[in-house]
Structures are given as C-alpha cells and as structure tokens.
Amino acid sequence: MAETLENQALHLLGQVVNEEAGENIVAMGMVKNVSVSEGKIDCIIEFKENDQKKNEKIFEDAQKALKEIPGVTKVNIITTLHKENSTHANDEVNSNKTNSVGTNQIKYILAVASGKGGVGKSTVASNLACAFKSLGLKTCLLDADIYGPSIPKMIGINEKPHSDGQKIETINRYGLSTMSMGYMVNDENPIIWRGLMVMKAINEMIDKVNWGAADIMVIDLPPGTGDVQLSLIQKLKISGSLIVTTPQDIALIDVIRGLKMFEKTKVPILGIVENMSYFLAPDTGKEYKLYGESKTNEVAEKYDYEILANLPHDPLLLEQCEKGHPLTDLVPDHKVSQMFIELAENLLKRLKLEQLANTN
Ligand SMILES: Nc1ncnc2c1ncn2[C@@H]1O[C@H](COP(=O)(O)OP(=O)(O)O)[C@@H](O)[C@H]1O
Ligand SMILES: [Mg+2]
C-alpha cells in the first residue's frame, strides 16, 4: 500500500514545475526521496541553484501538491542544495571537505539525535563524549544544535574561541575538543536560522574549525530531522546515529522515520537510548518508575532497533549539567557514569562493525 502512495506522491510532485527550466522537479531529478507511512510523508528535494525566491516557490508548490493525497496529515519536506552550486564562501576550503573531518582524521563520527527537545540529548552527548575519552579515545564534541546550543552550559564554557582569521580553534575542556555556535552568539540575541544559512553555519563549523586528528566526534544534533542533519550528511561521512528518547516520547516514531531516510544515504542507526526511564533515589539507590509503561520497547521492536541503555533520572546528573561538569568526567565511578562508559564501549563495537561492513 505504501508503494502506491509513494507513486501517487511522485505523480503529484511531477506536476510541480521549475519555471526557469520549464521542466518538472521529478524529471529534473530534484526529488531525492519520498516515503509515506501512517499518513505522514517525508520527502527530500535538492535545489539546483541558490535562488531563495525560486526555491521557496518550489517548496510551497510541492507542499501543496503532497497535501492533496487523501489521508495525509503531515508533510515533511527537507530541502538541500546541489553541491556544485553551493554558496560556500571559499571553494578551496570546500574542496578538501573529507580531509578536514573526513575518515582520515576522525575515525568515527557519531550523531546523537532525538525526536523532540528536552529528552536529554545534550546530556547524553556530553557524557558520552566524556565516556569515550575515558576509554582512551581522542574525542571531539560538535554542538550542531544551532537552534538551541546547550553544550557551552553543559561543559561550563563562557568564552569565545580563538581565531587567526583563517581557522577557528576548538575550545578544549575535560579532555574534549569542542565547538558550538553558542560560543559565538550571546543568549540575548538568538539567531533565527533560515534555509541556506543553516548549511553555511554547519559547513563553517566543519571546515573552518581546526579539529585536528581524533578517534571519534560526537555530534549533538537539533531535535527532529531537518536542514542541519541533511547539511551534515552531505558534508561528513557519519558513521552512525544514536537516538535518545524518554518513555513517553511520541516524537520517537517521527525521528526514526526521518533517520530511516538517512539510512538510505548510509548513516546507520546504531540503537536507542531511553533516558529518564526511572528515578534513582540518591539516598537508597532504589529505582522508581516515573511514568507508566514505556512506549520505547514497542517502537524499537516495530522498527527492529535495539535499546542500548535505560538511563535513570538522576539528581546528580542534572546538578552537574547545571554546574557545567559532566558527571561521567567528575565521578567516573558513579552508577550513571558507568552506564555511559558501558554505552560508549557498546557503541564503539557497533561503529567498528559498521566500518568493517562498509570496507568489505
Ligand atoms: N537522566 C537525567 N537525569 C536528570 N536530569 C536529566 C537527565 N537527562 C537530562 N536531564 C536534564 O533535563 C534537561 C534537558 O536535557 P537536555 O540534555 O538539555 O535535553 P535536549 O538536549 O534533548 O534538549 C536538562 O536540564 C538536563 O540536565
Ligand atoms: Mg540539547
């Protein structure tokens, strides 16, 4: 059934015309992916040129067309720009994209994703980064959540990175090399990110930052799947993604569906972490269920992903996020820190397997 809905979607998109070229966007190869499930459509459109007005028109027409399909309640169109026409300020920098943070210099790139905000994605990303470091890996932490960068707070950084006008230096803390948009902008004037600005910002955090050689880079993604995710997969060879969720997170299915599209572009989903699964009483060590039955199991089973960890709601973990020193680095023997270290070991195994599978 999904097949026919996808065909129907393609048929409707075939009526969206790129006026300049006088041809429809399907015939021009601009529609990179369409998937329909449970009344929701995900679609990737790759623009041929950097013309905001024209691109917006195509976007709106496509959205209108897809909404015509009976039973469709949600249309999620991700847009991207064809690389040859990328507006990157410096083509020289652009051309060595895979060398600067490619597999040659950073062995594994792990993207931490979530369906919605507030589930603990940044907490997991920063503690996991510390866990990888404690395993002896040279670790980078990239805060790609440009809409709500929280890594500066989580690792207690309140300074601007140094730059010689060419390259920007990472800020190093707790043995991690880090970069975040939050270092550059102040809280009072948040940037409103639009369309191609996103791609430019992401490109700069990769090309212009002197990351150096490392074993692993942990990327804190914005919630959902959108422009940032797409810019990153165009730019980097991401080794795998990890999904963070909470027991009652109804956005979990959305992000899995979104990331499944990226699996087609060779970014495997390594597994799911359920955060705040239960409350860990600091005095007695007793575990209390906070919510009713978890929805995570059901979704994981349906899509065939493993739940790699069930992390507790832990007051000390929260306190250390507030204080800017991840618990995993501060108290490595703490029960929760040990969970992060175990998770890091597990992920490392999976990353190695994925890499082997890719080279064979
Ligand atoms: N396991 C946990 N126990 C206690 N507090 C947590 C836990 N995970 C996250 N938090 C807290 O919840 C809030 C949201 O977490 P955050 O990592 O910023 O979420 P996201 O990045 O998904 O928006 C933060 O205040 C964080 O300290
Ligand atoms: Mg966050």
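ALA129 passes every criterion in (1) within 16 Å of ligand 2 (Cβ to nearest atom); (2) out of contact with any Leu (no Cβ under 7 Å at 6 or more places or on another chain); (3) of a type outside the set (Asp, Glu) apart from (2). Taking the conditions (1) surrounded by fewer than 18 Cβ atoms within 10 Å (Cβ to Cβ); (2) within 16 Å of ligand 2 (Cβ to nearest atom) in turn, SER241 satisfies each one other than (1).
For (1) in the same structural domain as LYS133 (by TED's automatic domain parsing); (2) more than 26 Å from LEU252 (Cα to Cα); (3) at pLDDT 95 or above; (4) in contact with a Lys or Arg (Cβ under 9 Å, 6 or more places away or on another chain), each residue gets a yes or a no:
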| site | (1), (2), (3), (4) |
| --- | --- |
| THR296 | yes, no, no, no |
| ALA300 | yes, no, no, no |
| TYR303 | yes, no, no, yes |
| LEU318 | yes, no, yes, no |
| CYS321 | yes, no, yes, yes |
| PRO326 | yes, no, yes, no |
| VAL331 | yes, yes, yes, no |
| MET339 | yes, no, yes, no |
| LEU348 | yes, no, yes, no |
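Pairs meeting the criteria (first residue in the range 224-249 and in contact (Cβ under 8 Å) with a residue 60 or more places away in the chain, second residue outside any helix (DSSP H, G or I) and among the aromatic types (Phe, Trp, Tyr), beta carbons under 6 Å, at least 6 apart or on different chains) are SER239/TYR108. Of the listed requirements (1) part of a loop (DSSP other than H, G, I, E, B); (2) farther than 28 Å from ASP254 by Cβ; (3) within 16 Å of ligand 1 (Cβ to nearest atom); (4) not small (Gly, Ala, Ser), LYS160 misses just one: (3).
For PRO222, the criteria (1) touching a helix residue (DSSP H, G or I) at 6+ places or on another chain (Cβ under 7 Å); (2) surrounded by fewer than 21 Cβ atoms within 10 Å (Cβ to Cβ) hold in every case but one, which is (2). A residue that is more than 16 Å from ligand 2 (Cβ to nearest atom) and of a type in the set (Val, Ile, Thr) occurs somewhere in the range 207-223. Considering ALA357, ALA344, ALA300, the condition of being surrounded by 20 or more Cβ atoms within 10 Å (Cβ to Cβ) and either among the basic types (Lys, Arg) or within 22 Å of LEU137 (Cβ to Cβ) (or both) is satisfied by ALA344 alone.
Listed here are the residues, each with its yes/no results for (1) touching a residue at least 40 places away in the same chain (Cβ under 8 Å); (2) not aromatic (Phe, Trp, Tyr).
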position: ILE256; (1), (2): yes, yes
position: TYR278; (1), (2): no, no
position: GLU298; (1), (2): no, yes
position: PRO315; (1), (2): no, yes
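The values are calculated or read from the model by the stated rules, or taken from the named source; none is laboratory data. Since we're looking at a predicted model, the values are computed, not measured. Using ideal geometry, Cβ is built from the backbone for each residue, glycine included, and neighbour counts are taken over all protein chains shown.
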